[in-house]
1. So B:THR63 fits all but one of (1) at pLDDT 95 or above; (2) out of contact with any Ser or Thr (no Cβ under 7 Å at 6 or more places or on another chain); (3) within 12 Å of another protein chain (Cβ to nearest Cβ); what number is the exception?
2. Tell me, yes or no, whether segment B:64-72 has at least one residue that is within 30 Å of A:ARG108 (Cβ to Cβ) and not aliphatic (A, V, I, L, M).
3. Please go through segment A:28-59 and give me each residue that is out of contact with any strand residue (DSSP E or B) (no Cβ under 6 Å at 6 or more places or on another chain) and surrounded by 19 or more Cβ atoms within 10 Å (Cβ to Cβ), ordered by number.
4. Please find, among A:ARG78, A:ARG23, the residue that is closer than 18 Å to B:TRP114 by Cα, surrounded by fewer than 19 Cβ atoms within 10 Å (Cβ to Cβ) and at pLDDT 95 or above.
5. Give me a count of the residues in segment B:1-19 that are modelled with pLDDT of 95 or more and among the aliphatic types (A, V, I, L, M).
6. Filter segment B:26-51 down to the residues that are among the acidic types (Asp, Glu) and in contact (Cβ under 8 Å) with a residue 12 or more places away in the chain, then identify the one that is nearest to B:VAL115 (Cα to Cα).
7. Search segment A:43-56 for residues being hydrophobic (A, V, I, L, M, F, W, C) and more than 7 Å from every other protein chain (Cβ to nearest Cβ), and hand back the single one that is nearest to the chain's Cα centre (by Cα).
8. Restricting attention to segment A:67-85, report how many residues are in a strand (DSSP E or B) and in contact with a helix residue (DSSP H, G or I) (Cβ under 9 Å, 6 or more places away or on another chain).
2 protein chains.
Amino acid sequence: MSQPTTATKPDTVVSTLIDAWNRHDMEAHTALFHPDADFVNVIGMRMRGRTEIDKMHAHLHRTIFRNSVLRSEGHTVRFLSPTIALVHVNWEMTGAEGLPGWDPGAIRHGLMTWVLVAEDGRWLITAAHNTDIVPIAMPK
Amino acid sequence: MSQPTTATKPDTVVSTLIDAWNRHDMEAHTALFHPDADFVNVIGMRMRGRTEIDKMHAHLHRTIFRNSVLRSEGHTVRFLSPTIALVHVNWEMTGAEGLPGWDPGAIRHGLMTWVLVAEDGRWLITAAHNTDIVPIAMPK
């Protein structure tokens, strides 16, 4: 697959989003999403459109995520076309608080799927789906 | 966005997959995935490629999902290009068994994100990410 002609690479979105998250700068976080973006969070809640994504994350970063720290544990990129890319991000989070059953001292691990689209020379997230990694044994 | 020139619509993949699931016909299930497909399941386990997806689902349909029944509660389709489409499927499952904390009589609800690509006139799943919908209260 040929390389896209954007100024940046999809990888940049990973580092930019994590920087925005850890500064709790939701304006910078929201700016990484396409206006039509879908976002499914770890409890299966679907946000439709950048406005809903912004509202939810602004609320979460005033509450349970206000002291959270996000870190990448590695990501992969696969191009579906020169302007559409799939990104999988393994992440670690510390400092989350307040949800039932969550220990604020616990380290969360998860895996996020993103679909990125290149528009006007930059990559935007148009679909995100996030899941906590739950260490349970598979059935025999 | 112009309509793709495939013989079928992305919607067909939803009904075909559910039919295959409920017949526990993993050959038909696997045939709906692209050779390069990524699949992230509800516990954050990532399968890479159709062969891994096949192996895992064959195992699950011999064990915890052997009597499971999957049903769509509605889906949406958004085209990213004439040959790439995003599908979100709300699903209900009954009859799953055996995982810790799961009541086999319980009704599970979840939400799946799919990225479909059209190749040789048919739609294939090239990325799937699945999450149980967990009814917890959001922080105030």
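The values are calculated or read from the model by the stated rules, or taken from the named source; none is laboratory data. Everything quoted here is computed from the prediction, not taken from an experiment. Backbone-built Cβ (ideal geometry, glycine too); neighbour counts: all protein chains shown.
1. (1)
2. Residues of segment B:64-72 within 30 Å of A:ARG108 (Cβ to Cβ): B:64-65, B:68, B:70.
If we keep only those that are not aliphatic (A, V, I, L, M) too, we end up with B:65, B:68.
Among the residues of segment B:64-72, at least one is within 30 Å of A:ARG108 (Cβ to Cβ) and not aliphatic (A, V, I, L, M), which makes the answer yes.
3. A:HIS29, A:HIS57
4. On inspection, the qualifying residue turns out to be A:ARG78.
5. Selection size over segment B:1-19: 4.
6. B:ASP38
7. Per the stated criteria, the residue is A:ILE53.
8. At the first step, the residues of segment A:67-85 found to be in a strand (DSSP E or B) are A:69-81, A:84-85.
Next cut, in contact with a helix residue (DSSP H, G or I) (Cβ under 9 Å, 6 or more places away or on another chain) only: A:69-72, A:75, A:77, A:79, A:85.
Number satisfying all stated conditions: 8.
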